[in-house]
Amino acid sequence: MAMVEITINKRTISVPENITIMEAAKLNGISLPSLCNHPDQKVKANCRVCAVEVEGVKNLVASCSTKIAEGMKITTNSPRVRETVRTIVELILADHPQECLTCIRSGECELRQLAFKLGMKEVQGVKNTKRLPLDFSTPSLVRDPNKCIKCGRCAEVCHHVQEVGILYSHNRGLDIGVTPEYGKELKDVACVLCGQCVLACPVGAIYEKDETDKVWEALGDPDKHVVVQVAPSVRVSIAEEFGRPSGSIATSKLVSALRLLGFDRVFDTDFAADLTIMEEGHELLQRLQTGGVLPMITSCSPGWIKYIEHFYPELLPHVSSCKSPQQMFGAMAKSYYAKISGIDPKDIYVVSVMPCTAKKYEAARPEMRDSGYRDVDAVLTTRELGRMFKHEGIDFNSLEDGEFDLPLGISTGAAAIFGATGGVMEAALRTVYEVVTGQTLEKLEFEGVRGMEGVKASSVDLGGTEVKVAVAHGLAHAKQIMEAIAAGEADYTFIEVMCCPGGCIGGGGQPYGTTNAVREKRIQGLYEVDQKSEFRKSHENPAIQKLYADYLQAPLGPVSHKLLHTTYTNRCQHELQ
Amino acid sequence: MSMIDCQLVFNVENREYVDLDLYRSRGGYGALAKVLAADPRESVYVLKEAGLKGRGGASFPTGLKIEMVRSNQEQERYIIINADEGEPGTFKDRYIMTHLPFQLLEGVTIAAYLAGASRGILYVRHEYDEPRSVMRESIAQAKRAGLLGENILGSGFSLDIELFSGAGSYLCGEETALLSSIEGRKGRPQVKPPYPTQQGLWGKPTLINNVETLSNIPKIMEKGALWYRSLGTEDSPGTKLISLSGDIRFRGLVEVPFGASFRDIVYEYGGGPKPGRKVKAVNIGGASGVLIPEEMLDVPLEYGACARAGITIGSGAVFVLDDTRSILDNVSNRINFFLHESCGKCTPCREGLRQAQIIMEKLIAGQAVMKDVQNLERYTRVMQNASFCGLGQAAGNSVISSLHYYGEEYCSRCKDGEEDLYGEESA
Ligand SMILES: Cc1cc2nc3c(=O)[nH]c(=O)nc-3n(C[C@H](O)[C@H](O)[C@H](O)COP(=O)(O)O)c2cc1C
Ligand code: SF4
Ligand code: SF4
Ligand code: SF4
Ligand code: SF4
Ligand code: FES
């Protein structure tokens, strides 16, 4: 790497060429203020709080968008820079409802932190008191346009990572807003409720629809038997809410903390993930044997399902009819578990802890009531659960280790990796291989489907037959595969699609600060969980074996069909209107 | 030919429409023939020697810009003629298009040839119906005469020029916003670099020049760099079209050799204020320009001297305010204009203008205090220092210059306006 010499605040330093002033400063121990900049996004340079002086340039420059050059003399600490940056923040604050005390984002708001860091004492500008209506139209998200600082980070992710593209920067001047088209509500556009915009937002202008009150209420109701399930990816992200490094594995502390909240049973979505593999693996075999529609595409990601329903409804026959693990769990909790525990399913209240905002929407879908009740009653994101723990004063990191309750708490390493892109595929292959060949799989790791590459194609030898598979995460990548299928150019047998980049560990309900670098650490965490698991193949899960023996009989059998499989809806744009 | 005709570049006092025949009879298209026969590097050298600078506002050396496009590896290149002319009180490009269309087209053809562009877009201000139809007709005529289109003058060089109707906002005159609007996106400015000369229209190297800039080129190529330099000053060769308006006797377009003073412009070309009135202030460069007092009129029209005096020549609009006018009203109108035209994308411009508008209204209503004036100054300074594009960077020029020269008008409107503007409070 070629190096260049620059001067920052009179100190001459050597830095790699072709980086920005902001990056160069960072390498030298100075974090410049920034709001619109995001490490995984292209430079937007619209907030201007990163302004610095460059010798020979009349105006200040935005350090996020200005590349360094040999001999450049940069000043970040002059009175002029200070006045400019503080004034810009003051201007933002004058336009902002300063409701930090009651704001969902308060603890982790980038704007509030910047204002604090700059020691803002007073906002002299005239406050903007105009208030726009909030959008509560979906079960997943809330948009508060009043708190929006127009940084464009949400629109960027919606357009370029997800390619759903429903958030735009509209109008001009004071009327500018980053909203769905024509000021529509989210329910009236093709938003898939993935919540990637929430992760991208620096402030509390888009957030999950909070269900903690619902859960508090259920926990306080003596007539309810409240069970909780935790998604695979939450165990490697929840500890971040308590200051632990990204990707820290916190399964046992999580279980203990959930018990402290007062759940009657602490179960694991991983159990249902193993169940999903049984059903989905057999569905794949059935499609192969009976000439069914191929390639078959996974169905565990509700944002992905909503996406294909909106944009490629003609491809819905490719999607597995299996419910997601969350919903399989709910259906099992209110049928099988009700039966074995002797509790009336009407008294069972199922809470799930998910990395995902779309899961809230999924749980509310009318299809998801096969137990005779709403299968999953409340969905908390990782962030909401973190808030509940904090509310109760739970000192998460110092808790004693706990273990999941039986039997819906038993799972395998195959289920754990569901949370990482490629994980469902890998788990399915482990089972399908053994079912098809009747032999023991020696090497459990399918490296070809691992990693952060957007579309991963691989081929697997199933006892003599080559099977081509593909994995996509992030809807922009899913779109590439859908286009290939639509064009008849995808000769895959099985495709895994996850709505969010990196899979569920990168979901829209995960802790703030979920960047691609953080995603990779969480993925490593999940692979470690897998490696340390006693069982690593879904069909070896003894609780699953017992479930089939005692209740479901066989994968794809009539009981499964009723409780574990579902149907989809064409939500094509035209029909929306 | 009259003497005047030979002397300047546009000779606008004739107010004469020059059709193709007349243009050619006066030697028009001779420069193009000459350039097509010569080594392009030599022609670019002549332009650089002539010292032609952009007339669209940024005064970037035109020869150098052409060379930057020319030297790009990418062979597909564009030329865009910026005829958005959105600066209030500016009507020079309109005049060129309606009166001297072939001088413009010849200049465009030469520039395109030198830059190696074979497709051009004439981006005409939305409201300019007449200039658009004159240009449409003139392009067709030039094509029929073999001066545009395929194989121009038998040289093998081809150039097609399309008309594009502007998106109707002031900001679309800014080159990257202009590109976005041609590409069908919102007319908002984009991050530079890459500059249009590197990656412009559809990602290809693009030469963007103002109508007046390009219209200078035929005369320079015809008469040479030395002649051109003899017109202006060492610092700023050539002439500048000045759009004169406001409280003076003769409003309209004049062509002024660089080096003349603003006093000459106001009193000689403009005939001075109306009888019985005095010049109170002169606004130079349109809405984004500064306000200067009578005493400063001796500053010469020259890029260097103006920059030293804090004046931006900009599009060359000169608006005279006589002693019946209120400075605050003038500034307030301009703030309102910019608030209306701001795209809202960056914080200093959007929010700074919001505050500036509120403070100006308070001042005019007699409700402001000195602290407001200090804030106004701070907000506009930050807009200037930190806005994303030229709009926000220049939007506060009227405030900053008028605070400097007419501070007492602000203070006298304040409820606590006795104190000195920069008194104890600002510590
Ligand atoms: C807000 C804004 C508006 C502008 N409007 C115009 C315009 O109407 N016409 C124009 O020629 N240049 C305009 N410009 C300047 C252009 O960005 C660009 O610099 C110019 O067209 C380059 O041509 P030149 O080198 O011949 O001056 C504007 C710039 C800004 C920042
Ligand atoms: S978004 Fe941030 S600054 Fe705004 S009210 Fe919430 S915590 Fe405060
Ligand atoms: S939830 Fe997803 S699809 Fe909806 S606006 Fe946000 S990023 Fe776009
Ligand atoms: S909603 Fe959030 S991410 Fe989107 S523009 Fe507003 S502040 Fe930025
Ligand atoms: S300076 Fe004004 S016009 Fe330019 S980008 Fe910023 S908001 Fe838009
Ligand atoms: S962080 Fe640089 S302009 Fe926003």
Using amide H atoms built in the peptide plane, which far-off residues or other-chain residues are under 5 Å from A:Met296 H to H?
A:Phe494, A:Ile495
With angles folded into 0 to 90 degrees, how steeply does helix A:423-437 sit against the dominant principal axis of chain A? Use alpha carbons for both and round to 10.
20 degrees
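Chain A: percent of C-alpha pairs farther apart than 43 Å? Don't skip to the answer; put the middle values down first.
Numbers: 37328 of 166176 pairs.
Value for chain A (Cα pairs over 43 Å): 22 percent.
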Restricting the count to DSSP beta bridges whose residues both fall in the range B:73-170, what percent are antiparallel, rounded to a multiple of 5?
10 percent
Rh_Kirkwood(the range B:44-167) over Cα pairs, Å, one decimal, evaluates to 15.1 Å
Please report the projected area of the range B:12-231's Cα convex hull averaged over all directions, in nm².
11.2 nm²
Would you list B:His340, A:His310 from the most to the least accessible area, probe 1.4 Å?
B:His340, A:His310
Using a Förster radius of 25 Å, what is the FRET efficiency between B:Ser230 and B:Lys48 based on their Cβ-Cβ separation? Nearest 0.05, please.
0.90
A:Asn516-A:Asp491 pseudo-label distance in nm [points 7 Å out on the Cα-to-Cβ vector]
3.1 nm
Under 26 Å Cα-Cα from B:Lys92, which lysines qualify once same-chain neighbours fewer than 8 residues away are excluded?
B:Lys48, B:Lys53, B:Lys65, B:Lys143, B:Lys219, B:Lys223, B:Lys240, B:Lys274, B:Lys280
At 25 °C and a viscosity of 0.890 mPa s, what translational diffusion coefficient does Stokes-Einstein give for the range B:1-100, taking Rh as the Kirkwood radius over Cα pairs? Give it in µm²/s as a whole number.
153 µm²/s
Can you give me the Cα centroid spacing of the range A:103-181 and the range A:500-541 in angstrom?
29 Å
If you average the alpha carbon positions of the range B:70-129 and of the range A:433-476, how far apart do those two centres end up, in angstrom?
58 Å
For B:Gln7 and A:Arg131, extending 7 Å from Cα along the Cα-Cβ vector and measuring point to point gives, in nm, a value of 6.8 nm
Step through the residues of the range A:540-555 one at a time and calculate ³J(HN,Hα) from phi using the Karplus curve (6.51 cos²θ - 1.76 cosθ + 1.60, θ = phi - 60°), rounding each to whole Hz and writing x for Gly and Pro.
8, 5, x, 5, 5, 4, 5, 4, 5, 5, 8, 9, 7, 6, 9, x
Any idea what angle helix A:269-290 forms with the longest principal axis of chain A, computed on alpha-carbon atoms, 0 to 90 degrees, nearest 10?
70 degrees
Counting helices only, and only those DSSP H runs with n ≥ 4, report the 222 nm mean residue ellipticity of chain A as the sum of -39,500 (n - 2.57) divided by its residues, in deg cm²/dmol to the nearest 500.
-9000 deg cm²/dmol
What is the set of long-range amide H partners of A:Val192 at a cut-off below 5 Å, with H atoms built 1.01 Å from backbone N?
none
Solvent-accessible area of A:Phe242, probe 1.4 Å, all protein chains present, reported in Å² to the nearest ten, please.
40 Å²
For B:Lys371, A:Lys67, A:Lys10, A:Lys44, give the ranking by accessible area with the largest first, probe 1.4 Å.
A:Lys10, A:Lys67, B:Lys371, A:Lys44
Links that overshoot a 24 Å alpha carbon limit, given the list A:Lys150/B:Lys192; A:Lys58/A:Lys121; A:Lys10/B:Lys345:
A:Lys58/A:Lys121; A:Lys10/B:Lys345
Plugging the Cβ-Cβ distance of A:Glu466 and A:Asn18 into 1/(1 + (r/R0)^6) at R0 = 41 Å yields, to the nearest 0.05, a FRET efficiency of 0.45
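Please compute the contact order of the range B:12-231 in relative form: average sequence separation of alpha-carbon pairs under 8 Å and at least six residues apart, divided by the residue count, as a percent.
Computed over the range B:12-231, the figure is 30 percent.
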With all protein chains in place and a 1.4 Å probe, A:Lys73 shows an accessible area in Å² (nearest 10) of 90 Å²
Looking only at chain B, where both bridge partners belong to it, what percent of the DSSP beta bridges are antiparallel (to the nearest 5)?
45 percent
Once both label points are put 7 Å beyond Cα along the C-beta direction, the A:Gln98-B:Ser326 separation in nm becomes 3.2 nm
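Rounded to the nearest 0.05, what FRET efficiency do A:Met3 and A:Leu406 give with R0 = 41 Å and r taken as the Cβ-Cβ distance? Could you check?
0.10
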Residue span A:Asn77 to A:Lys184: 0.36 nm per residue of separation minus Cα-Cα distance leaves a gain in nm of 34.2 nm
Trypsin sites (Lys or Arg not before Pro), restricted to the range A:141-210: which are DSSP loop and have at most 15 other Cβ atoms within 10 Å?
A:Lys184
How large is the accessible surface of B:Lys345 in square angstrom, using a 1.4 angstrom probe and rounding to the nearest 10?
30 Å²
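Strictly greater than 23 Å: what percent of every Cα pair in the range A:3-93 meets that?
Working: 734 of 4095 pairs.
Tail fraction, whole percent: 18.
Which value, in nm² and rounded to one decimal, describes the direction-averaged projected area of the C-alpha convex hull of the protein assembly as shown?
Convex hull of Cα atoms, orientation-averaged projection: 46.9 nm².
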If one compares the long axis through the Cα atoms of helix A:251-261 with the longest principal axis of the Cα atoms of chain A, the angle in degrees, nearest 10, works out at 90 degrees
Accessible-area order for A:Trp216, B:Trp202, A:Trp304, largest to smallest, probe 1.4 angstrom, reads B:Trp202, A:Trp216, A:Trp304
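The values are calculated or read from the model by the stated rules, or taken from the named source; none is laboratory data. Given the structure is predicted, the values throughout are model-derived calculations rather than measurements. Cβ sites come from the backbone with ideal geometry, for glycine too, and all protein chains shown count toward neighbours. The accessibility values were calculated without ligands, DNA or RNA, using every heavy atom of the protein model including side chains. Shrake-Rupley method; radii C 1.70, N 1.55, O 1.52, S 1.80 Å.
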